[in-house]
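**Student:** Take a look at the following structure, please.
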Amino acid sequence: MSNSGNSSSNLDLLTLSNIWHAAWLKRLPLLIILLVGTVGAFVYARIMPETYSTWATVMPPEQESKGGLSSILSSSSIGLDLGELGGGGERSRRFVDILKSRTLCEAVASRCNVREFHEFATISGQQLVEALRAAYVYDINNTGLIVVMSALETPWFPDSTEQRRTAEMAACLVNSAIEVLDSLNHAKNVSSARNTRRYIERYMSQTRAELDSIQAELEVFRRDNKILALDEQATAIVQNAVAIGTMIAETQLELEVARQQLDAATPRVRELEQQLNTLKEQYRRIQSGGLVDDDAFSIALDDIPSLSRTYFDFEREIKVREKIQAFLETQRAQEAIQEERDVSTVQVLDDAIAPEKKTSPRVALMTAFGGIVSLLLGLTFIIGQAVRKGTITKDIDLV
């Protein structure tokens with residue numbers, strides 16, 4: 001009980017002057033602790049693994065400008081296109097998802113020979129993929145700009161060779177990731193264009209077969225119905241009918257006049273009657289389709305409306321399929337160009353470079369921090385001993 005009371009009364013004597021007096025009395029041990037802590041922190045900062053980081057920036061993916069059937073196919077399940085996801089941020093996130101893929105990590109591991117780097121030397125398979133993913137940091141700003149960062153550590157006791165190798169490996173990881181991203185995205189575009197082109201070619205083949213079938217049916221229809229050029233034929237038939245109808249009216253009028261002036265048995269009346277009968281027979285033949293029996297291009301006037309409707313249905317179907325064929329041919333050419341072109345799909349704003357300075361540790365900062373911590377620990381130890389032994393006094397003479 002007395003020890004507890006003494007300790008409590010000693011704690012009451014903890015003033016700034018008393019603490020300073022106790023520290024001054026133990027200045028040599030305190031200095032040794034400070035020196036050991038500072039030197040220890042300095043040595044630890046020099047031998048611990050050093051971190052080297054680098055970064056590269058990639059422009060946001062551009063909106064693809066393909067139109068027509070191609071854009072329809074790319075947004076459906078026919079093609080392999082990942083689709084237009086909306087704004088630049090969404091398309092940038094699509095790029096980041098590709099950067100995190102196992103396929104990309106495996107390709108980067110092969111390009112950079114990461115198995116020769118100490119951090120990845122003892123792992124393989126999925127563990128290697130996970131380690132590579134952990135080596136990357138991705139960021140997308142408000143404009144969709146993608147920042148790809150990588151940070152690697154040297155072994156303990158790093159020398160200049162290890163420092164340079166770690167810096168170069170960090171840059172290799174970033175640049176290779178962007179190169180593989182471009183390669184994968186380009187392969188995806190080529191695959192999408194190839195599948196779209198093949199689909200278009202199949203559709204073109206089907207449309208061409210339909211067009212050939214309709215043209216064959218039209219040829220039979222025209223031959224069976226004596227159609228050469230329906231509009232011109234109908235116009236000619238109507239003109240002939242009008243001309244003969246006019247002649248009939250004139251002949252009838254002339255016949256009536258002749259009957260009033262001449263006897264019915266006179267040659268003039270008989271001639272007009274015979275002429276009128278001939279004109280009426282011609283008019284009837286025109287109505288039924290042809291002035292002579294072997295007329296190959298005359299059409300009955302009563303059949304023209306139905307023939308016109310059927311004929312123009314054929315013409316419409318042919319023109320529609322011809323337009324489709326022309327449109328498909330344009331789209332097929334577009335996809336063939338897309339399939340064959342070798343243009344970078346990823347625009348790099350800044351390449352990653354091997355960092356000349358380490359990111360961490362900061363030797364001066366760690367040394368200062370070690371000194372401060374060791375000083376505080378030394379003071380705590382000295383004051384604790386003084387309080388425990390009861391050497392803290394109220395009245396002291398500072399030297």
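The values are calculated or read from the model by the stated rules, or taken from the named source; none is laboratory data. Since the structure is predicted, the reported quantities are computational estimates derived from the model, not experimental observations. Cβ: placed from backbone, ideal geometry, glycine included. Neighbour counts: every protein chain shown.
**Student:** Residue check: is Arg197 crowded, with 17+ Cβ neighbours inside 10 Å and farther than 25 Å from Ser53 by Cβ? Outline the logic, then answer.
**Tutor:** Working: crowded, with 17+ Cβ neighbours inside 10 Å: yes; farther than 25 Å from Ser53 by Cβ: yes.
For Arg197, the condition - crowded, with 17+ Cβ neighbours inside 10 Å and farther than 25 Å from Ser53 by Cβ - is met.
**Student:** Another one. Anything in region 200-231 that is among the aliphatic types (A, V, I, L, M), out of contact with any Leu (no Cβ under 8 Å at 6 or more places or on another chain) and surrounded by 13 or more Cβ atoms within 10 Å (Cβ to Cβ)? List them, or say none. Reasoning before the result, please.
**Tutor:** The first filter runs over region 200-231 and keeps only residues among the aliphatic types (A, V, I, L, M), leaving 200, 204, 209, 211, 214, 216, 218, 220, 227-230.
From the residues that got through so far, the ones that are out of contact with any Leu (no Cβ under 8 Å at 6 or more places or on another chain) too are 209, 211, 214, 216, 218, 220, 228-229.
Matches in region 200-231: Leu211, Ile214, Leu218.
**Student:** When you check Thr235 against the structure, is it free of Cβ contacts under 8 Å to residues at least 24 places away in the same chain, touching a helix residue (DSSP H, G or I) at 6+ places or on another chain (Cβ under 9 Å) and hydroxyl-bearing (Ser, Thr, Tyr), yes or no? Spell out how you get there, then give the answer.
**Tutor:** Numbers: free of Cβ contacts under 8 Å to residues at least 24 places away in the same chain: yes; touching a helix residue (DSSP H, G or I) at 6+ places or on another chain (Cβ under 9 Å): no; hydroxyl-bearing (Ser, Thr, Tyr): yes.
So Thr235 does not fit the description; no.
**Student:** Restricting attention to region 145-175, which residues are surrounded by fewer than 20 Cβ atoms within 10 Å (Cβ to Cβ) and under 15 Å from Leu99 (Cα atoms)?
**Tutor:** Residues satisfying the conditions are Leu145, Val147, Met149.
**Student:** Can I ask one more? Kindly evaluate Thr235 against the criterion of being farther than 28 Å from Ala336 by Cα, β-branched (Val, Ile, Thr), out of contact with any strand residue (DSSP E or B) (no Cβ under 8 Å at 6 or more places or on another chain) and in a helix (DSSP H, G or I). Quick ask: steps written out before the conclusion?
**Tutor:** Working: farther than 28 Å from Ala336 by Cα: yes; β-branched (Val, Ile, Thr): yes; out of contact with any strand residue (DSSP E or B) (no Cβ under 8 Å at 6 or more places or on another chain): yes; in a helix (DSSP H, G or I): yes.
Yes.
Quick grid of which residues meet (1) touching a Gly at 6+ places or on another chain (Cβ under 8 Å); (2) in contact (Cβ under 8 Å) with a residue 40 or more places away in the chain; (3) part of a strand (DSSP E or B); (4) not hydroxyl-bearing (Ser, Thr, Tyr):
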| residue | (1), (2), (3), (4) |
| --- | --- |
| Val96 | no, yes, no, yes |
| Leu104 | no, yes, no, yes |
| Ser110 | no, no, no, no |
| Arg115 | no, no, no, yes |
| Leu132 | no, yes, no, yes |
| Asp139 | no, no, yes, yes |
| Thr143 | yes, yes, no, no |
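**Student:** Would you be able to say whether some residue in region 57-64 is under 30 Å from Lys188 (Cβ atoms), among the acidic types (Asp, Glu) and at pLDDT below 50?
**Tutor:** At the first step, the residues of region 57-64 found to be under 30 Å from Lys188 (Cβ atoms) are 57-64.
Next cut, among the acidic types (Asp, Glu) only: 62, 64.
Imposing the further condition that a residue be at pLDDT below 50 reduces the set to none.
No, every residue in region 57-64 fails to be under 30 Å from Lys188 (Cβ atoms), among the acidic types (Asp, Glu) and at pLDDT below 50.
**Student:** Which residues, taken from region 353-392, are within 30 Å of Asn175 (Cα to Cα) and in a loop (DSSP other than H, G, I, E, B)?
**Tutor:** Filtering region 353-392 down to residues within 30 Å of Asn175 (Cα to Cα) leaves 353-363.
The answer is Ile353, Ala354, Pro355, Glu356, Lys357, Lys358, Thr359, Pro361, Arg362.
**Student:** I've got another one for you. Go through Thr330, Thr310, Thr345 for me and flag whichever is β-branched (Val, Ile, Thr), part of a helix (DSSP H, G or I) and more than 19 Å from Arg208 (Cα to Cα). Even if it seems obvious, please write down each step before you answer.
**Tutor:** Numbers: Thr330 fails: more than 19 Å from Arg208 (Cα to Cα); Thr345 fails: part of a helix (DSSP H, G or I).
Step by step, each of Thr330, Thr310, Thr345 is checked, and only Thr310 is β-branched (Val, Ile, Thr), part of a helix (DSSP H, G or I) and more than 19 Å from Arg208 (Cα to Cα).
**Student:** Right, something else. Can you find a residue in region 132-144 that is over 28 Å from the mean Cα position of the chain (by Cα), within 17 Å of Val180 (Cα to Cα) and assigned by TED's automatic domain parsing to the domain that holds His186? Spell out the reasoning first.
**Tutor:** Just the residues of region 132-144 that are over 28 Å from the mean Cα position of the chain (by Cα), to begin with: none.
Among the residues of region 132-144, not one is over 28 Å from the mean Cα position of the chain (by Cα), within 17 Å of Val180 (Cα to Cα) and assigned by TED's automatic domain parsing to the domain that holds His186, which makes the answer no.
One line per residue, one yes/no per condition, for (1) touching a helix residue (DSSP H, G or I) at 6+ places or on another chain (Cβ under 9 Å); (2) assigned to a helix (DSSP H, G or I); (3) touching a residue at least 12 places away in the same chain (Cβ under 8 Å); (4) hydroxyl-bearing (Ser, Thr, Tyr):
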| site | (1), (2), (3), (4) |
| --- | --- |
| Glu201 | yes, yes, yes, no |
| Met204 | yes, yes, yes, no |
| Ser213 | no, yes, no, yes |
| Leu218 | yes, yes, yes, no |
| Arg223 | no, yes, no, no |
| Lys226 | yes, no, yes, no |
| Gln239 | no, yes, no, no |
| Val242 | no, yes, no, no |
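**Student:** Hey, Glu315 hits all of (1) surrounded by fewer than 15 Cβ atoms within 10 Å (Cβ to Cβ); (2) modelled with pLDDT under 85 but one; which does it fall short on?
**Tutor:** The failed condition is (2).
**Student:** Here's another thing I want to ask about it. If you go through region 143-202 one residue at a time, how many are among the acidic types (Asp, Glu) and over 29 Å from Ala354 (Cα atoms)?
**Tutor:** Within region 143-202, the first condition is being among the acidic types (Asp, Glu), and the residues that meet it are 153, 159, 162, 168, 179, 182, 201.
Now drop any that are not over 29 Å from Ala354 (Cα atoms), which leaves 201.
So the count comes out to 1.
**Student:** Moving on. Could you identify the single residue in Ser124, Ser101 that is polar (S, T, N, Q), more than 17 Å from Ala56 (Cβ to Cβ), under 18 Å from the mean Cα position of the chain (by Cα) and modelled with pLDDT of 85 or more? Full working, then the answer.
**Tutor:** Values: Ser124 fails: under 18 Å from the mean Cα position of the chain (by Cα).
Going through Ser124, Ser101 in turn, the sole match is Ser101.
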